[in-house]
Structure formats: structure tokens, C-alpha cells
1. Lysine pairs in the chain 8 or more apart or on different chains: how many have alpha carbons under 24 angstrom apart?
2. With a 1.4 Å probe and all protein chains left in place, how much accessible area per residue does the stretch 108-243 have, in Å²?
3. What does the helix-only formula give at 222 nm for the chain: each DSSP H stretch with n ≥ 4 adding -39500 (n - 2.57), the total divided by the residues, and the result rounded to the nearest 500 deg cm²/dmol?
4. Counting only protein heavy atoms and using a 1.4 Å probe, what share of the accessible area of the stretch 109-182 belongs to carbon plus sulfur, as a whole percent?
5. Around residue 196, which amide H atoms from residues at least 5 apart in sequence, or from another chain, sit under 5 Å from its own amide H, with H modelled in the peptide plane?
6. Once the Cα gyration tensor of the chain is diagonalised, what are the square roots of 5 times its eigenvalues, in whole Å and ordered largest first, as equivalent ellipsoid semi-axes?
7. Measure off, as a whole percent, the carbon and sulfur share of the 1.4 Å-probe accessible area of the stretch 1-83, all protein chains present.
Amino acid sequence: MDPLVVLDRVNKHFGEQHVLKDISLTVSRGEVVVVIGPSGSGKSTLCRTINRLETIDSGSITIDGRALPAEGAALARLRADVGMVFQSFNLFAHKTVLQNVTLGQTVVRRRSAADATRRAMELLDRVGVANQAGKMPAQLSGGQQQRVAIARALAMDPQVMLFDEPTSALDPEMIAEVLDVMEGLADDGMTMLVVTHEMGFARKAADRVVFMADGEIVEEAAPDAFFDRPTSSRAKEFLSKVL
Ligand code: ADP
Ligand code: MG
């Protein structure tokens, strides 16, 4: 085991509300960890602390052995190392698909326009939307936009990819095309932390399932063990509603 993302006794409050309670979690290199749990349990906040979109009150987070930088160029580099894909696709609306995938490469990774374009087209091809490169995001379906968002994150050569409910905003027929891309990444050995309600994906792609409720990690297990033999009452109750 080669720990890549390590959270150690992380606590986070929003005002009086304690939303992350002593969270300790390690994602090893090449591992796929799926986080599930009821709405409001702190899953998004957990993701957001890892690339410092949220600060933490206590505890520590390290990526590849380094503490999260507070600000400046070091923070920009960290964010490039941690690819993030959200529920809402968050593409730059006034840039083409291709520009969406080249921009970070030229600005943060300082690649030449030619290198960035080559890499972008490779990744757009990989996620199956190379033929949409010249279009504006609004001209694409939701599933296509989310695949562009994945390509954009991958273009930075991240060490780890975080996905926060990447298919929750999609029409049902588009969910599979995004999950397929994610499964491909998992098969290729990408380190991934995935928040999702797609239990089929969790069973197939996860090395480990982490069940969160009310700001705590309640249960952690291999997917088959978790889905077939959950031990906590909260996990049993949650699974009875979603399976
Ligand atoms: P989940 O992703 O599991 O649904 P979240 O991490 O989004 O949960 O939220 C956990 C709790 O923190 C919720 O009660 C939510 O209302 C609260 N919360 C999230 N973000 C903020 C914020 N920026 N300000 C105040 N409360 C927040
Ligand atoms: Mg959420």
C-alpha cells in the first residue's frame, strides 16, 4: 500500500454544525474508494477539503506526503494534482470544448499550445467526444459535457481524481456513458475517490466502500462485504432505501 491521499482526524464545522467528525481516511495509489451515504452526511464537504475548496478546523490532510498549501502558486499546483469533477459540469461556457481542455494545461502546466492541443484531442478521443471539439459546451448533451469535464481534469495529469456525484444531474440514458469512462479510468489504475449513488458502479469498480452518515465514517469495507453484509444499523437502513 502506497498512501496518496491521507486524512487524519479531520474536523470541519459550518457555524455550530459539526459536518466532518474526526474523519481519517487513506486512499492509496491506484485505489478506487467509493463514498456513499445519505444527503447531508458531509460527502461533498469531504471532497472539497481535499483540494482546499474548504478549509478544515483541525486534523491534517496530505497528498503524496505533502500538506495542503494554504494559497498561491503552490495551491494552484495542488489543485492541478487533484482532478475534480462535480455534479454540475462547470465547463467554461464561453470557450469551446477544445479550449476547455487546453486552458489549464497552458496556464498551470505551462505547455505549448501545440502540446496542449495534442493532449486535449487524445483525451477527448478517450472519453468519446473528439468530434465535438469545436463546439460550445451548451451544444453538447449533459453526458457529453460531463465527459469533457473529465477530460479537462485528466489533462492536468492529476495524481488523484475526485468525483462528486458526477451522474446525479444527468438524464438516465446518459449515466452509463459517464460511468463507463470512469470504469475505464479505474481499470487503467487511476487513483479515485468517488461520491456516488450508483451502487452498481460501486460494486464493480470500488476497491473499498466508505459509508458516511452525519459527518462520520460509519463503516468501511470491500464492496461485496459492504453490500451483502453491512454491519451498522445506519448502513442497513440506507441500503434498504437505495437498493
Ligand atoms: P452531502 O454531500 O453528503 O450531501 P454536504 O457535505 O454537502 O453533504 O453537507 C454536509 C452538511 O453541511 C449539510 O448539513 C449542509 O447543509 C452543510 N453545508 C454544506 N456546505 C455548507 C456551507 N457552505 N455553509 C453552511 N453549511 C454547509
Ligand atoms: Mg453532496
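1. The result is 10.
2. Ligands and nucleic acids excluded, the result is 45 Å² per residue.
3. The helix contribution divided over the chain gives -11500 deg cm²/dmol.
4. Reported share for carbon and sulfur atoms: 47 percent.
5. Placed amide hydrogens put 35, 165 under 5 Å from residue 196.
6. 30, 22, 16
7. Answer for the stretch 1-83 is 48 percent, counting heavy atoms of protein chains only.
The values are calculated or read from the model by the stated rules, or taken from the named source; none is laboratory data. Remember, it's a predicted structure, so these values are computed and weren't measured experimentally. Just the protein is used for accessible areas: all its heavy atoms, side chains included, with ligands, DNA and RNA removed. Shrake-Rupley method; radii C 1.70, N 1.55, O 1.52, S 1.80 Å.
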